[in-house]
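The values are calculated or read from the model by the stated rules, or taken from the named source; none is laboratory data. Computed from a predicted model, the values in this text were never measured in an experiment. Positions of Cβ are generated from backbone atoms using ideal geometry, with glycine treated the same way; all protein chains shown enter the neighbour counts.
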Amino acid sequence: MEPISILIALLVIFLPMLATGFVISTFIVRECSLIERFGFSVAFGSCFIYFIYFALKNNISSLNLEVIFGVIGGIILVYIIKYGFGKRFFEWLFAKRRE
Amino acid sequence: MLNNDKTKDLLNNPVLFIFLFLSLVPLLGVYLNIDNVTLSILFASCGVLCSHLSIKRKEFVRNALPVFVVFLLSYLFYNITAAGAQFWVIAYGMALFFIALHSARIIDAEPAFVIGIFIISVFIHIVPALITDYVEEIDPYYDYKWAQEIFNTGNVPQHDWLTYPLKGGLDRSLMPFGNPVAIAIYGKILTLFGMGLLQSTLLISGLMGGMTAVVAYFLLKELMYNRKNAKLAAMFGVFVLILSVGWSTKVHATDSENDAFGGMVVFAVLFIFMYAVNRDNFRISLLGGSLVFGWLVTLWDGYRLLTMFVCIAIAMISFVGVIKKFRTIKYLKHYLAIFLVGNFLWRIVLHPPTEFISLIPFKGIEIAGFILAFFAVGINEYIINYRSKVSRNTEWALIAVGAVALILVWPIAWVHFYNVAVVDAQQSTVVFKTIAEQAPFATTIKDYITSLSRMFGVAALLSLCAIPILIYFICREDDFGAAVMLSWLGPMMWGLYFKSQYSFIASMPYALASSWVVLFVMTQKEHEDGLRIIPTLLVLYAVVAYSPLASLMSNYEPGAIFYNVATYDRMGWESALQYFLKAPANTAVVTWWDYGHWLTAVSHKFVLIDNLQNDHWEIQDVAKFFMKAESEEDAMKIIQKYQDTYKRPPYAYMYQDGVNLDYVAIDWTMIGKSGAMRFIATGNLTNQADGEYNSYTQCGFAPQFSNINGSLTTDAEGKFTMSKQLVYQCTGNADGLSGIVFTIGQDNSLGAEAVDQYGARVPWKIWMSTHKSSLFGVKALNEVLSVSMQYADKLNNVPPSYYNFVYGSGKFKDFMLARLYFSTNIETYKTAGLADVTWSAPKYFKKDQSFEEGFVETWKIQYPTTTTTVPTMQKQENKTGVFKYGTN
């Protein structure tokens, strides 16, 4: 393989792992240093494949890009809802209600 | 953010800029077009300059390590011809970059190490993908095969129809296909970037090399929790791991087996378990540990060993706890949570299609492990917590119940452990005795230690030294991490002795345990100031022994990790595999099991047996076909049995006329494997009694003993005559034939003599009649002789069929392997008086194709009664161009 292709392919393989590992570990391990968070992200990173494997094996879906990005995106979305946009939205919503 | 003073300080630091510049030079080396001697001088000069500047700036201690790496790079450029030197310079350039950032205090040591070791480890283990686009060797094709199925169909297969027809294929519903699923997922994503499944297959294990390095570091830190210098010791352990040849046999690009991925996830489970235990955080075990454990089981079989050694560690620390009065139930609690929830998670993935959850019972090794752990923790809890609260009668009752439980359950459970650890390790079946990786790693303790050093380097010896240190930590300091390490290392150390196959899984504890020696040494030196130079030097020696300087000081060659790539055998088969790919889908091929995964993964064709060695009876049938049947009729009986099977359901349901067993394929390496085939063909599979030890003999051209230019000699009449002598050296054989000497006279006459084990020469005709033997060749006699002479100085570029003869005696003259593979040119050997066989061209097997100059040859099966018809295929050109003769 060409070095540049290897580099791109490695990033494409690794980044989804890192992202999903980061999200999963954030929910499970609450207090750790940034570099430990990297370690946990790597340790949990490949777990998203388990969810896809579960779906394939139980005929919930077959393998295609929509399913793959659905699972990866779904995991990241949970994080965003919890810690990002969603949390602020709910805070705002409840704040309004209290008023 | 850097404050202004610090920024100013950095910008005024010339040493940092020199380091950063030098770290980029190896990476850009190919584009700079500078010769290596110049680069060597550049690095040496910069090393001197940096040393001078560092001393002047009073930063020498701080910059000592990057300066050392600069000098190391200078040496590497000077010695660029050494194995893997071109890759070492890039790896050490990367290391220089991160070390320099740390030396300049831009980044802390730990992040610099973790990110640096990740990138370096990925690079080191990705190198094979830079060398070749072939998936490596044999076993990785199994995962590649299933990844293709999943990639192409979108579903995980439940059954393997392509192999073992007498068993109706193999049920795969419980097979852990996590790795092929991962390859297929990434293959799909890579299609968006103009790549696909092949790239995903090639790279997955190389990336795991980097990820494992990261997880291993954090695992080691947790195993050495709260210990001073744990970080440094963990760094050493990871450094040793990524440069372990044993570990790299599976962890590298182009190897798509599940071992690299599985190994990484084993580290992940242990890391999470130890993290949870050290902080007594049940949430992490219950949610995190179990998720990763469940995923691990759907990925790799190694999880059972994990359970075994964790349970042994719990038992070990519990018995220590009884003596030293501390409770250990938390260890069991955490692992039990991981195990039970994890078991639910994998069971809802790995189950038969008709069930929602797999109900297969726990394996004996797990039961045995947990019984031991429960027993030990029970004793610990009872003595420390409850003994004072129960009456004497109750205590006796508890002892009685415990004893009965032990007598009834433990032996049953430990039978399974015995089977895995003893019977399986000292494997004794006829088939497994012929498989290299099933063979013992060593036969004596001395041999074991020597082989360990070759496989793991200095780590092997350090790990042996670590055993008393680990015991000391367990007994004196109640160290559970040390208990885990010892109970991991011990069984693997023992198992590897009996089985080479364990070299990969044993590499993990061997590499990691060595870090305890470093931890111990660094702890001691603080107390014994005067002697600290000795252990420090030992640690430095160990580190340097894993650098490219290793070859100067030991027989360990870490550069070997770069060259785990597909070899001659795999490339020699490529054109044959492409040929079979174009055959009808319902075609089956008879060949030895070594090529089963290739034919199913690349050609997508049926084979009788494959590398799983799943059904020893079918393997024996194929062995009998090649190495026991002495007539075509006997051979056809075996073929017909399989052809009849292929005409019945389930195959008859799959294709209108069932599957057609139409081809026989033989390759050159089957000559070398003939001994194994004969052993299996004549072995007893019922009582596993050995078969016959005998094989074909290869006689290869030996230019160093030959006289290919000719010399003057005198003939019987005393006249001068010019003659050439060609010597062919033979591999070991029962007949004592050590070589064959051909004499080619001026008049092109050919004489042949056998050389016996004592060096005596015997005219070939006498030898042939005495030993009832024959000489064969895949190529015609004259072709072999002429190519041997013409390419005497570049034989490595020539297919083996052109400079090797094959010798066989007794029944070996008439086996189907000889009748087929040597039939094309047998007349040339008969005519020259070198072969004495009654057979000629086979009747039921029509020569079909020859690939890569006879490296692989195929025959079409002609059944006595017409049962099948297969469309005729066009002859294929040799497209790979692998075997190119050099210009003369």
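Here B:Gly168 clears all of (1) on the phi < 0 side of the Ramachandran plot; (2) more than 14 Å from every other protein chain (Cβ to nearest Cβ) except the condition numbered (1).
In the set B:Ile80, B:Ile117, B:Ile107, only one residue is at pLDDT below 90 and closer than 30 Å to B:Leu219 by Cα; that residue is B:Ile107.
If you go through region B:273-311 and keep only what is more than 20 Å from B:Lys330 (Cα to Cα), in a helix (DSSP H, G or I) and out of contact with any Lys or Arg (no Cβ under 9 Å at 6 or more places or on another chain), you end up with B:Trp295, B:Leu296, B:Tyr303, B:Leu305. B:Thr38 fulfils the conditions (1) loosely packed, with under 14 Cβ neighbours inside 10 Å; (2) farther than 19 Å from B:Phe71 by Cβ except for a single criterion, (2). Can you confirm whether region B:147-154 contains a residue that is within 12 Å of chain A (Cβ to nearest Cβ), crowded, with 24+ Cβ neighbours inside 10 Å, modelled with pLDDT under 95 and more than 25 Å from the chain's Cα centre (by Cα)? No; the residues of region B:147-154 include none that is within 12 Å of chain A (Cβ to nearest Cβ), crowded, with 24+ Cβ neighbours inside 10 Å, modelled with pLDDT under 95 and more than 25 Å from the chain's Cα centre (by Cα). In region B:273-296, the qualifying residues are those that are more than 10 Å from every other protein chain (Cβ to nearest Cβ) and of a type in the set (A, V, I, L, M, F, W, C), and the one that is farthest from A:Arg30 (Cα to Cα) is B:Phe293.
B:Asp621: surrounded by fewer than 18 Cβ atoms within 10 Å (Cβ to Cβ) and closer than 24 Å to B:Trp839 by Cα, yes or no? Spelling it out, it is not the case that B:Asp621 is surrounded by fewer than 18 Cβ atoms within 10 Å (Cβ to Cβ) and closer than 24 Å to B:Trp839 by Cα. Just checking, does region A:64-80 include any residue being buried (at least 21 other Cβ atoms within 10 Å of the Cβ), modelled with pLDDT under 95 and facing chain B (nearest Cβ under 7 Å)? Checking region A:64-80: not a single residue is buried (at least 21 other Cβ atoms within 10 Å of the Cβ), modelled with pLDDT under 95 and facing chain B (nearest Cβ under 7 Å). I need the full set of residues from region B:775-817 which are within 32 Å of the chain's Cα centre (by Cα), hydroxyl-bearing (Ser, Thr, Tyr) and outside any helix (DSSP H, G or I), in order please. Those that are within 32 Å of the chain's Cα centre (by Cα), hydroxyl-bearing (Ser, Thr, Tyr) and outside any helix (DSSP H, G or I): B:Tyr803, B:Tyr807. Within region B:129-139, one or more residues are out of contact with any Pro (no Cβ under 7 Å at 6 or more places or on another chain), at pLDDT below 95, in a helix (DSSP H, G or I) and surrounded by 24 or more Cβ atoms within 10 Å (Cβ to Cβ). Of the strands (runs of 3 or more DSSP E) lying entirely inside region B:681-774, the ones with 1 or more residues being under 45 Å from the mean Cα position of the chain (by Cα) and crowded, with 20+ Cβ neighbours inside 10 Å are found at B:697-701, B:720-730, B:737-745, B:750-756.
Inspection of region B:594-612 identifies at least one residue that is assigned to a loop (DSSP other than H, G, I, E, B), among the hydroxyl-bearing types (Ser, Thr, Tyr) and either under 25 Å from B:Ser256 (Cβ atoms) or touching a residue at least 60 places away in the same chain (Cβ under 8 Å) (or both). Summed over region B:481-502, the residues that are surrounded by fewer than 24 Cβ atoms within 10 Å (Cβ to Cβ) and within 24 Å of B:Tyr541 (Cβ to Cβ) give a count of 1. Beta carbons closer than 6 Å, at least 6 apart along the sequence or on distinct chains, pair a first residue in region B:358-372 that is at pLDDT 85 or above with a second that is assigned to a loop (DSSP other than H, G, I, E, B) for B:Ser358/B:Leu350; B:Ser358/B:His351. The set of residues in region B:88-122 that are touching a residue at least 40 places away in the same chain (Cβ under 8 Å) and either within 12 Å of chain A (Cβ to nearest Cβ) or among the acidic types (Asp, Glu) (or both) comprises B:Ile90, B:Ala109, B:Glu110, B:Phe113, B:Val114, B:Ile117, B:Phe118, B:Ile119, B:Ser121, B:Val122. From the list B:Thr328, B:Thr354, B:Thr307, the lone residue that is surrounded by fewer than 19 Cβ atoms within 10 Å (Cβ to Cβ) and among the polar types (S, T, N, Q) is B:Thr354.
Scan region B:818-835 for residues that are surrounded by fewer than 17 Cβ atoms within 10 Å (Cβ to Cβ) and part of a helix (DSSP H, G or I) and the total you get is 3.
Can you tell me which residue within region A:23-63, out of those that are out of contact with any Cys (no Cβ under 7 Å at 6 or more places or on another chain) and touching a residue at least 40 places away in the same chain (Cβ under 8 Å), is nearest to the other protein chains (Cβ to nearest Cβ)? Only one residue tops the list, namely A:Phe27. Taken together, B:Ala91, B:Ala64 contain a single residue that is in the same structural domain as B:Ser51 (by TED's automatic domain parsing), closer than 19 Å to B:Leu232 by Cβ, aliphatic (A, V, I, L, M) and assigned to a helix (DSSP H, G or I), which is B:Ala64.
Results for (1) more than 22 Å from B:Cys475 (Cα to Cα); (2) in contact with a Ser or Thr (Cβ under 8 Å, 6 or more places away or on another chain); (3) small (Gly, Ala, Ser), shown as yes or no for each residue.
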position: B:Leu291; (1), (2), (3): yes, no, no
position: B:Ala313; (1), (2), (3): no, yes, yes
position: B:Val322; (1), (2), (3): no, no, no
position: B:Ile338; (1), (2), (3): yes, yes, no
position: B:Trp346; (1), (2), (3): yes, yes, no
position: B:Pro361; (1), (2), (3): yes, no, no
position: B:Asn393; (1), (2), (3): yes, no, no
position: B:Ile399; (1), (2), (3): yes, no, no
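In the condition set (1) of a type outside the set (S, T, N, Q); (2) more than 7 Å from every other protein chain (Cβ to nearest Cβ); (3) part of a helix (DSSP H, G or I); (4) over 28 Å from B:Lys641 (Cα atoms), B:Met175 is compliant with all but (3).
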